[in-house]
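For reference, the structure discussed in these notes is given below.
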Amino acid sequence: MKTKQEIIPLDFEKPLIALSKQISELEEKTLKNGDSKIVGDLKNQYEKVKGQIYKNLSPIERIKIARHPQRPYPLDYIQAISQTWYELHGDRTGKDDGAIVGGLIEIDGQTVMVIGTQKGRDIKENQKRNFGMPSPEGYRKALRFFYHAEKFNFPIVTFIDTPGAYPGLEAEAHNQSHAIAMNLRELAGLTVPVIAVVTGEGGSGGALALSVANRVLMLENSVYSVISAEGCAAILWRTKDKASEAASALKITAQDLYELGVIDEIIPEVEGGAHYDHKQACENVLNSIKNHLRELKELSPEELKTDRQEKFRRMGAFSSI
Amino acid sequence: MGLKDFFKNRQLKKAAKLAANGNGHDLKVEPPVCDDQLCILWTKCQGCNELLYTSELKKNYSVCKHCEYHHRLTAQERIDLLADYGSFLEIDENILPGDPLNFKDLKPYTVRLKDAQKTSNSKEAIITGIGTINNQPLAIGAMEFQYIGGSMGSVVGEKIVRLTERAIEKRMPLVLVSSSGGARMHEGILSLMQMAKTASTLKKLHEEKLLYISLLTEPTFGGVTASFAMLGDILIAEPQARIGFAGRRVIEETIKQKLPKDFQTAEYLLENGQIDLVIPRQNLKNIISELIRLHFKSTKLKDEVMPFSQIPLFARI
């Protein structure tokens, strides 16, 4: 992505924008007068406000960062972490869903099958990508890639950034539920290492269909949830305006999920979010993937499968008398 | 319930009410003949609005005799319908829900749970156990829609997994009857994980080459359809049952157009190649048991000397 492009600020970043504007105006003036004390003070204040805003991000603010249109998308990561990249296409039964991308890359000399959900950057691309909402054909395309990886013993890395599986007429007619369910079941049975990285939005079943993995990693400002905050608010609070409350109640941030034992690692982002520094984000993601691949290499095929099944077998909170 | 009972019940309830208000202390208070849910004399059919005599409706498996509308069954009624009389032994009935997120919307989740237990008369949204169907053993689970919309939380996931593991251990066929609005939001991400949890255990069952029949009933949606409910070797639905991934309203909002009337009905799914059979309720037991018979001809039950139906109840689990 072009670094020259200006970053679109989010609502809660507005105070910062105002401050930095003030600073640059004053700087111009003080250049003439030679008094730089006020500028220094303002700069200190700027740093203070910045720290306060970014350290105490609320869940709804993290959702906004996770959905930021300039955030790196799976294809950005894929192309940054490997020189080799051969994209593969199609579910072999009639469609190539643009919301799911996949193909072969190399990490440390090892061939890796990579699969991701992909959002578009503009209207035209979004026609093809359907805003990152896969159709059943997309999940069947992913399933084809899982089987391919299993056959040739390639580790699988998935990148997840989707609002969810597409809720449409055709999607229902082509059995969205079955496509997702099959991926859940088949991922559980693979004997190769599977690593899932939630990079932006982890939207419910549509995200889970690529995330039944030995290791589930999340970027610091990504979210992963059973339902969108807006959807939950509409059902339980009966108004979409309560999305902020719903976001907090649902526990959807990387930190929350780590504490619940659902994910294995939080990958750090630069202050403000990954969209401020694509290069750093890709580097952090690559390093983390490399570490986990190295660890999983120690396990035998059968152990990899059991490890994955046991991991999900343990999930849940209940009491028994 | 007959008319006589109905009037007797009304008198008893009146007396009980008076006693509760402190006015009828000299009245001898007997409990009503049955609770409110059962003592309704007439039921209005949800399909054709015809008034039906409740006891006759119940005798007809809660199917309307005029329009064949299949009214929702409770989990217990479902078990009674499919398992042989007296053969069902419930397992894991004491797995109870927690509140891992301290979830609170307009009401705290813990209060919702208590209310749900009261209204549905069930500890959670599923009953699981072992029984026989026309003298063949089976592991069976039925969901309770009355309990927070039959939503799948940690307990539902755990009970399905344990039942599946039991089916593997005893080499029995598995039958799951779903009726659910989807994953239970109040348990957040942990409810989503139940989809992966149930599907990954079903992978084991699949590899063990055991039969799993999934029965989809009105309504089955969301995370339940998109996990265990769609993974059956054979998928059966009841007539008119609505089954799908996303709800009708969500789809209409997304695509900005009205959906056809029969969209997401069992018949629509059958036409679109998504399920194997649509079977009226009165035939369900026999057809499921026949399907089990056809699949289990060559398999021998583990460590079994006497026919399952002759093993004493307590020794079956």
Report summary line: Result for interface chain A to chain B, accessible surface buried in total, 1.4 Å probe, Å² to 100, stands at 4700 Å²
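Working out 0.36 nm times the residue gap between A:L42 and A:K29, then minus their Cα-Cα distance, what length gain in nm do you get to one decimal? All intermediate terms of the calculation are to be shown ahead of the outcome.
Details: separation 13, 0.36 × 13 = 4.68 nm, distance 1.39 nm.
So the chain would gain 3.3 nm between A:L42 and A:K29.
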Query raised in the report: Where the accessible area of the protein assembly as shown is counted over protein heavy atoms with a 1.4 Å probe, how much of it, in %, is carbon and sulfur?
Result: 51 percent
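B:E165 to B:L270: extension gain in nm, 0.36 nm per residue of separation minus the Cα-Cα distance? Write down the numbers at each step before the final one.
Values: separation 105, 0.36 × 105 = 37.80 nm, distance 3.00 nm.
In short, 34.8 nm is gained.
Charges at C-beta only: +1 for Lys and Arg, -1 for Asp and Glu. How large is the resulting dipole of region B:105-256 about its Cα centre, in Debye rounded to 20? Write down the numbers at each step before the final one.
Values: 19 positive and 15 negative charges, 41 e Å.
Using Cβ point charges on Lys, Arg, Asp and Glu, region B:105-256 gives about 200 debye.
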Requested in this report: Calculate one ³J(HN,Hα) per residue across region B:271-288 by plugging θ = phi - 60° into the Karplus curve 6.51 cos²θ - 1.76 cosθ + 1.60, and present them in order as whole Hz with x for glycine and proline.
Outcome: 5, 8, x, 9, 10, 8, 9, 10, 10, x, 4, 5, 9, 4, 4, 5, 5, 4
Report summary line: Under 5 Å from the placed amide H of A:T158, counting only residues 5+ away or on other chains, we find A:I115, A:I195, A:A196, A:V197
**Report entry** Solvent-accessible area per residue, Å², over region A:63-313 with all protein chains present [probe radius 1.4 Å]
**Finding:** 36 Å²
Query raised in the report: What average number of partner chain Cβ atoms lie no more than 10 Å from the Cβ of the residues making up B:241-254?
Result: 4
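Excluding A:V270 itself, calculate the net charge of residues whose Cβ lies under 11 Å from the Cβ of A:V270, where each Lys or Arg counts +1 and each Asp or Glu counts -1.
Numbers: positive: A:K279; negative: A:E220, A:E269, A:E271, A:D277, A:E283.
Charge balance in the 11 Å sphere: -4.
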Requested in this report: For A:G120, enumerate residues with amide H under 5 Å from its amide H, sequence gap 5+ or separate chain, H modeled in the peptide plane.
Outcome: A:F131, A:G132
Requested in this report: Please name whichever of A:N287, A:G40, B:A266 sits farthest to the positive end of the charge dipole of the protein assembly as shown, dipole taken about the Cα centre and charges placed at Cβ: Lys and Arg +1, Asp and Glu -1.
Outcome: B:A266
Report task. Rounding to the nearest 20 debye, state how big the charge dipole of the protein assembly as shown is about its Cα centre with +1 on each Lys and Arg Cβ and -1 on each Asp and Glu Cβ. Result -> 1160 debye
**Report entry** Under 19 Å, Cα to Cα: Lys pairs in region A:3-83, sequence gap 8 or more or different chains
**Finding:** 19
Requested in this report: Collect residues whose amide H, placed 1.01 Å from N in the peptide plane, falls under 5 Å from the amide H of B:M152; neighbours closer than 5 in sequence don't count.
Outcome: B:G182, B:A183, B:R184
Requested in this report: Have a look at region A:274-321 and report residues whose accessible surface goes down by 40 Å² or more when the remaining protein chains are included, against the chain on its own, probe 1.4 Å, ligands and DNA/RNA excluded.
Outcome: A:Q309, A:F312, A:R313, A:M315, A:A317, A:F318, A:S319, A:I321
Requested in this report: Could you tell me the distance between the Cα centroids of region A:116-162 and region A:218-268, to the nearest Å?
Outcome: 23 Å
Query raised in the report: For region A:63-313, with only Lys/Arg (+1) and Asp/Glu (-1) charged at the beta-carbon, what is the dipole magnitude about the Cα centre, in debye rounded to 20?
Result: 540 debye
**Report entry** Per-selection metrics, region B:249-300 (Cα): Rg and Dmax in Å
**Finding:** 17.2, 54
Query raised in the report: Got a sec? What order do B:T119, B:T74 fall in by accessible area at 1.4 Å, biggest, i.e. largest, first?
Result: B:T119, B:T74
Requested in this report: Run through the DSSP bridge list for region A:67-175 and note the antiparallel percent, rounded to the nearest 5.
Outcome: 75 percent
Query raised in the report: Can you work out ³J(HN,Hα) from phi for every residue in region B:94-105, in order, using Karplus 6.51 cos²θ - 1.76 cosθ + 1.60 and θ = phi - 60°, giving whole Hz and x for Gly and Pro?
Result: 9, 8, 10, x, x, 10, x, 9, 6, 6, 9, 10
Query raised in the report: Looking at B:L113, B:I133, B:M143, which one has the Cα that reaches farthest to the positive end of the dipole of region B:99-152 (charges on Cβ: Lys, Arg +1; Asp, Glu -1)?
Result: B:L113
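State the antiparallel share, in %, of DSSP beta bridges confined to the protein assembly as shown, rounding to the nearest 5. Mind showing how you got there, number by number?
Numbers: 32 of 70 bridges.
Around 45 percent antiparallel, to the nearest 5.
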Query raised in the report: How large is ³J(HN,Hα) for each residue in region B:126-132, as worked out from phi by the Karplus curve 6.51 cos²θ - 1.76 cosθ + 1.60 (θ = phi - 60°), to whole Hz, x for Gly and Pro?
Result: 8, 10, 10, x, 10, x, 10
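The values are calculated or read from the model by the stated rules, or taken from the named source; none is laboratory data. A quick note: this is a predicted structure, and the numbers were derived from the prediction, not measured. All Cβ positions, even for glycine, are placed from backbone atoms using ideal geometry, and neighbour counts span all protein chains on display. The area values use the complete protein model at the heavy-atom level, side chains included, leaving out ligands, DNA and RNA. Shrake-Rupley method; radii C 1.70, N 1.55, O 1.52, S 1.80 Å.
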